[in-house]
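K.L.:
Let me begin by handing over the structure; questions about it come next.
The values are calculated or read from the model by the stated rules, or taken from the named source; none is laboratory data. Model, not experiment: these values are computed from the prediction. As a convention, Cβ positions derive from the backbone with ideal geometry for all residues, glycine included, and neighbour counts pool all protein chains shown. Side chains are part of the model used for accessible areas, which takes the heavy atoms of the whole protein and leaves out ligands, DNA and RNA. Shrake-Rupley method; radii C 1.70, N 1.55, O 1.52, S 1.80 Å.
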Amino acid sequence: MVKYSIAIAGMLSLLSACKPPQKSASSLDFDPYHYTVNKKLEAENGAVVSAHPLASKAGVSILKSGGNAVDAAIATQLALAVVYPNAGNLGGGGFMVARLSNGETVSLDYREMAPGSAHRDMYLDAAGNADLEKSQLGHLSSGVPGTVAGLFASHQYAKLPFEKLIQPAIELAEKGFIISASEARSLNSLQADLKKYNSEMPVFVKTIPWKAGDTLVQKDLASTLRRIQKKGAAGFYEGETAKLIVEEMKRGKGIISLDDLKNYKAIYRTPHSFDYKGYKIVGMPMPSSGGLLVNQMMKMIEDKNIAAMGFHSVQAIQLMTEVERRAFADRAEYMGDADYYKVPVKMLSNEVYLQTRMKNYDPAKATPSSIIKPGELLRAESEETTHLSVIDKEGNAVAVTTTLNNSYGSRTVVGGAGFFMNDEMDDFSIKPGVPNMYGAVGGEANAIKAGKRMLSSMTPTLVLKDGKPYIVVGTPGGTTIPTQVFQTLVNLLEFNMSTEDAVYKPKFHHQWLPDEVMIEKGFPVAVKEAMQKMGYSFSRERGGIGRTECIRVLPNGKFEAVADNRGDDAAEGY
Ligand code: DON
């Protein structure tokens, strides 16, 4: 097994070694007080890549004890809800795309849903202006959470009892774990919001700043997890937890009711699949735009021989920018929850249509986006979602992307229950043409309606080769998600790059509006200057775009697992 650790690993061990908490009897086969961060490995039996080393370890420990990739994905998500509260969640939602050992592909929608009393204009003030604070922060910004329903719905493909899969999360919450420097920074940056959007102060509030090596213990969350362990999904959607959620909502003018919780259902949907040069690419259908957008972008480059242009060449980046622009223009107009709005998926993925979209593509200059309203990217540095990729030797491959929307969601923790609620309502178009926190605009297709699910960009994706798992990939990053998955796929399938390079090399993003190319630190300056001469505008450089977690099956059948180097993300396997 190829394995190396990054600097943080040593630092964590050192810090935690200074004051190790007393270790009591535990069923965990890893130590939450001393752990390393593996960025890359090769494994024969199974692998998990996620945003947190302890969550990846929890997943692999389940694989080792006889679980399959679905078992591991469930355990990893539950562990993330504890060790990665910025995005791992019980109070949010997500999507799973899986290829099962019997060859079947499935996709599961456990996206949040607008509460029963939600309505189109609920975020407009008396003058008709959008109130972004209400859609992005605090109680009213939350949709009905879908994660717990999704975990139980996916469990039908798992092998081990749910009670076992949730056990690592319970122990991590009850006994605590050591936080890293970036987690400490992130919690410290949150203190003012936590005080503002909570009536009962959660464990994350601290009088002296958090620092690397501190132990985070979450007793209320452990109790919630125990209720789920004992009562199944009803331990969340009914009884004590549901009561605590509704009481919390009432304290802060939120509108999620007991009926909303009781009626929430995760839904199996037909995956959005398409063929690309002999590969089958399997993605998420509506209410995620991800699968369709990747389909559109891949098909718009398919006949262009991008491999000959070369990675990070001006021609390749200009072409990819133009296809990203066109796909996102369609997103704004046509995409939303297909149970509520007729999304013309067939037309939008039709190859003739896509070729027509490229008729006005000019390799020598930018095609300007028609301006509706420039989208301001708000709080881009604090956005957060999380993706995990899992594979096993039985032929199961699972891609899950899950979120509270931005970092720590609404910033409201359910009093007595210990978990953050999402601020996913902001993913609806709260007013036509008004950009959401990712600068995305929309209209009728994505307008708010009770029971409707807000349009997502999350893009958990599988690539199958000869019908078998080849690549498992996904990332957080708001609207940059589909463009990053697109770029990672092009890097692997067209530029023949190593998995590490495909994930680590700087990325870029265009989403039609605002009409500018967003680039990551390290993006080649010469390309930027050449494209500026062609008429492109660039936004300021971003520190990191997303956190891609990728597993690729090597020709010898081993799993190559790569965790993004943009965070504490970690790969585990055996
Ligand atoms: O579903 C969506 O598209 C967004 N709520 C995802 C948010 C996200 O990726 C934030 N993280 N980086």
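K.L.:
Go through Lys196/Lys265; Lys164/Lys195; Lys175/Lys265; Lys393/Lys507; Lys346/Lys528; Lys219/Lys262 and tell me which ones have a Cα-Cα distance over 27 Å in this structure.
P.N.:
On the way: Lys196/Lys265 31 Å; Lys164/Lys195 35 Å; Lys175/Lys265 32 Å; Lys393/Lys507 31 Å; Lys346/Lys528 35 Å; Lys219/Lys262 25 Å.
Going by Cα-Cα distance, Lys196/Lys265; Lys164/Lys195; Lys175/Lys265; Lys393/Lys507; Lys346/Lys528 fall outside the 27 Å limit.
K.L.:
Within segment 107-131, whose backbone N sits under 16 Å from a point 7 Å along Cα→Cβ of Glu444?
P.N.:
Within reach of a label on Glu444, which here means backbone N under 16 Å from a point 7 Å along Cα→Cβ, segment 107-131 contributes 120.
K.L.:
How large a share of the accessible area of segment 226-323, in percent, is made up of carbon and sulfur atoms when the probe is 1.4 Å and the other protein chains stay in place?
P.N.:
Using a 1.4 Å probe with all protein chains present, segment 226-323 comes out at 51 percent carbon and sulfur.
K.L.:
Scattering from the C-alpha atoms of the chain alone, worked out with Debye: what is log10 I(q)/I(0) at q = 0.06, 0.07, 0.11 1/Å?
P.N.:
These q points yield log10 I(q)/I(0) values of -0.26, -0.36, -0.94.
K.L.:
Which FRET efficiency, nearest 0.05, do Asn305 and Thr270 yield, Cβ-Cβ r, R0 25 Å?
P.N.:
Calculated transfer efficiency: 0.20.
K.L.:
Show me the ranking of peptides 296-303, 417-424, 255-262 by mean Cβ neighbours inside 10 Å, starting with the highest.
P.N.:
Taking the mean over residues of other Cβ atoms within 10 Å, the ranking is 417-424, 296-303, 255-262.
K.L.:
To the nearest Å, what is the center-to-center distance of segment 491-514 and segment 113-156, using C-alpha atoms only?
P.N.:
32 Å
K.L.:
Separate question: Calculate, for the chain, the solvent-accessible area per residue in square angstrom, rolling a 1.4 angstrom probe over the heavy atoms of the protein chains.
P.N.:
34 Å²
K.L.:
Please compute the volume of the convex hull spanned by the alpha-carbon atoms of segment 399-455 and report it per residue in Å³.
P.N.:
Measuring per residue, one finds 120 Å³ for the Cα hull of segment 399-455.
K.L.:
Then there's this: Taking every pair of distinct Cα atoms and averaging 1/r, then inverting, what Kirkwood hydrodynamic radius in Å comes out for segment 406-493?
P.N.:
15.3 Å
K.L.:
Using only the C-alpha atoms of segment 388-431, find the volume of their convex hull and express it per residue in Å³. Kindly include the intermediate steps, with their values, before the conclusion.
P.N.:
Values: hull volume 4.6 nm³, N = 44.
Dividing the Cα hull volume of segment 388-431 by its residues yields 104 Å³.
K.L.:
At a 1.4 Å probe radius, carbon and sulfur cover how many percent of the accessible area of segment 454-561?
P.N.:
Of the solvent-accessible surface of segment 454-561, carbon and sulfur hold 47 percent.
K.L.:
Which of Gly478, Leu492, Gly451 sits farthest toward the positive end of the charge dipole of segment 447-513, with +1 on the Cβ of Lys and Arg and -1 on the Cβ of Asp and Glu?
P.N.:
Farthest towards the positive pole: Gly451.
K.L.:
Can you compute the charge dipole magnitude of the chain about its Cα centre, using +1 on each Lys and Arg Cβ and -1 on each Asp and Glu Cβ, nothing else charged? Give it in debye, rounded to the nearest 20. List each step's numbers first, then the result.
P.N.:
Values: 64 positive and 63 negative charges, 49 e Å.
For this selection, approximately 240 debye.
K.L.:
Counting pairs of alpha carbon atoms under 8 Å apart in space and at least six apart in sequence, what relative contact order in percent does segment 52-176 give?
P.N.:
Details: 169 pairs, mean separation 40.3, N = 125.
RCO, segment 52-176: 32 percent.
K.L.:
Shifting gears a bit: Provide the three semi-axes, in whole Å and in decreasing order, of the ellipsoid equivalent to segment 125-240 as defined by the square roots of 5 times the Cα gyration tensor eigenvalues.
P.N.:
For segment 125-240, the semi-axes come out at 29, 24, 12 Å.
K.L.:
Something else: By the scheme Lys and Arg +1, Asp and Glu -1, what is the net charge of all other residues having a beta-carbon under 12 Å from that of Phe162?
P.N.:
Result for the local shell: +2.
K.L.:
Related question: So if we plug the beta-carbon distance of Ser27 and His312 into 1/(1 + (r/R0)^6) with R0 = 51 Å, what FRET efficiency do we get, rounded to 0.05?
P.N.:
The computed FRET efficiency comes out at 0.60.
K.L.:
Tally Lys and Arg at +1 and Asp and Glu at -1 over the other residues with C-beta under 15 Å from the C-beta of Gly67: what net charge comes out?
P.N.:
Net charge in that neighbourhood comes out at -1.
K.L.:
Let me ask something else. What is the packing order of peptides 558-567, 264-273, taking the mean over residues of other C-beta atoms within 10 Å and listing the highest first? Don't skip to the answer; put the middle values down first.
P.N.:
Numbers: 558-567: 23.8, 264-273: 17.9.
Going from most to least packed, we get 558-567, 264-273.
K.L.:
How large is the charge dipole for segment 433-531, taken about the Cα centre, if only the Cβ atoms of Lys, Arg (+1) and Asp, Glu (-1) carry charge, to the nearest 20 debye?
P.N.:
Once rounded to the nearest 20, the dipole reads 400 debye.
K.L.:
What is the sum of charges around Ala51, taking Lys and Arg as +1, Asp and Glu as -1, for the other residues whose C-beta is under 11 Å from the C-beta of Ala51?
P.N.:
-4
K.L.:
Can you give the relative contact order of the chain as a percent, counting alpha carbon pairs under 8 Å and 6+ residues apart?
P.N.:
Working: 1445 pairs, mean separation 136.8, N = 574.
Value for the chain: 24 percent.
K.L.:
When the label point is put 7 Å from the Cα of Val217 along its Cα-to-beta-carbon vector, which residues of segment 188-209 have a backbone N closer than 14 Å?
P.N.:
203-204
K.L.:
Can you tell me the length gained on complete extension of the stretch Val352 to Lys230, counting 0.36 nm per residue apart and subtracting the Cα distance?
P.N.:
38.6 nm is the gain from fully extending Val352 to Lys230.
K.L.:
State the answer as a single residue: which of Ala158, Asn129, Ser141 lies farthest towards the positive end of the charge dipole of segment 93-163, with beta carbon charges of +1 for Lys and Arg and -1 for Asp and Glu, about the Cα centre.
P.N.:
Ala158
K.L.:
Once each part is reduced to its C-alpha centroid, what is the distance from segment 307-330 to segment 523-574 in angstrom?
P.N.:
Here the answer is 15 Å between Cα centres.
K.L.:
Rounded to the nearest 500, what is the chain's calculated 222 nm mean residue ellipticity when only DSSP H runs of at least 4 contribute -39500 (n - 2.57) each, over all residues?
P.N.:
Estimated from H runs of four or more residues: -9500 deg cm²/dmol.
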